[in-house]
Amino acid sequence: MTSYLDVCRFTPASGGTGSFVVSSAVGGYQTPATAGAVNGATYAYRAESADLSQWEIGYGTYTVSTTTLARTTILTNSSGNTSAINFTVAPQVALLALAEDLSVLVSGGFAQSLTTAQKRQAQSNIFIGPTTQTFLSGTAQTYTTPAGCLWIEVEMQGGGGGGGGSGSTSGAAGTAGGNTTFSGFTANGGAVASATLQGSGGAASGGAINLTGGAGQPGIGLNSVPGGAGGISLSGGAGWGGNQGGTAGGAAATNSGSGGGGGGSYTTSANSGGGGGAGGYCYGIINNPAATYTYTVGAAGTAQGAGTNGYAGGAGAAGWIKVTEHYGA
């Protein structure tokens with residue numbers, strides 16, 4: 001596990017192949033002790049002669065009591081191997097970060113002994129593009145925040161309600177769309193429709209943006225009239241109303257969160273069905289996210305069945321959740 005110091009460069013007491021015993025700081029730099037080196041910690045170093053003909057890169061373990069940096073692991077050197085260079089005179093030794101260390105920062109692993117503030121600053125300095133997770137189903141599931149993630153954006157859509165059936169009597173009851181939830185954010189499902197009555201759109205709460213879903217169109221209490229179209233979500237894809245010749249309402253597009261269409265009426269149907277309501281939409285940001293969150297994706301509402309001499313409505317569509325994960329400011 002690598003540790004780091006700021007502006008640390010020193011001259012050891014001697015050359016050779018042994019450990020580097022600190023003699024003095026190079027002008028404009030600090031010794032390890034002044035920079036706050038920790039006993040037993042590992043530091044990446046580069047040692048080099050004044051003419052750069054001899055140099056060595058590796059990891060060393062620091063001992064406070066003797067102000068000594070042991071040459072613990074040598075990665076490469078001017079001789080093209082991993083042995084300690086026999087410096088003819090005392091070199092300059094700089095404690096720094098190596099490419100191997102930065103690759104861990106970029107991957108989000110943070111194997112180094114950094115404070116939380118240092119980890120965040122490192123991620124801000126090294127651009128890492130956001131990642132995305134999308135959830136299209138699931139009840140009381142667990143979302144896991146990726147390592148190194150500093151903040152997340154959450155967008156969510158509630159489920160769409162089922163469309164109403166047509167007929168002179170009511171068919172089997174349909175259901176409303178399910179509520180979509182993530183942490184403290186909620187996008188409620190749209191209401192189910194019935195003969196002539198449309199479903200209302202679902203509300204939303206907890207986010208920076210909370211939008212109510214579109215209401216379905218009402219049915220009509222007459223023979224040979226079309227059913228109402230389903231309510232439209234931000235994703236579109238509402239179910240169409242059945243035609244006036246007497247057909248079932250159309251289902252909403254998959255995972256659009258829109259409402260199903262109402263059944264159309266025929267010459268003896270009396271009432272056409274209303275369209276189901278669309279689910280609400282919610283957008284929010286979570287800074288310093290927790291390790292996990294519980295989420296539920298709102299299910300699709302089922303359509304009302306056909307009444308006497310009528311036609312069934314169309315099913316609503318399930319909602320969705322999109323989580324965008326950010327690793328920098």
Report the convex hull volume per residue for the chain, counting only C-alpha atoms, in Å³. 139 Å³
Please give the helix 116-125 orientation as an angle from the longest Cα principal axis of the chain, in degrees from 0 to 90, rounded to the nearest 10. 80 degrees
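Taking K and R as +1 and D and E as -1, what net charge do the other residues with C-beta under 13 Å from the C-beta of Val297 add up to?
Details: positive: Lys322; negative: Glu155.
With Lys, Arg at +1 and Asp, Glu at -1, the net is 0.
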Just name one of Thr247, Ser166, Asn210: the one whose Cα is farthest towards the positive end of the charge dipole of the chain (beta-carbon charges, Lys/Arg +1, Asp/Glu -1). Ser166
For the pair Ser224 and Thr139, what calculated FRET efficiency results from E = 1/(1 + (r/R0)^6), where r is the Cβ-Cβ distance and R0 = 41 Å, to the nearest 0.05? 0.50
For the peptides 291-297, 261-267, 321-327, what is the packing order when you average, over each peptide's residues, the other Cβ atoms within 10 Å and list the highest mean first? 261-267, 321-327, 291-297
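With n ≥ 4 as the cut-off for DSSP H runs, can you work out [θ] at 222 nm for the chain, using -39500 (n - 2.57) per run divided by the number of residues, rounded to the nearest 500?
Numbers: 3 runs with 23 residues, N = 329.
So the helix-based figure for the chain works out to -2000 deg cm²/dmol.
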For Ile209 paired with Ala50, estimate the spin-label separation in nm (one decimal), with each label point 7 Å from Cα along the Cα-to-Cβ line. 6.5 nm
Of Val38, Val154, Val192, the one that fluctuates the most in a GNM where the chain has Cα springs shorter than 10 Å: Val38
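Bear in mind that the values in this text are calculations on the coordinates, not laboratory data. Nothing here was measured: the structure is a model prediction, and the numbers come from that model. Cβ sites come from the backbone with ideal geometry, for glycine too, and all protein chains shown count toward neighbours.
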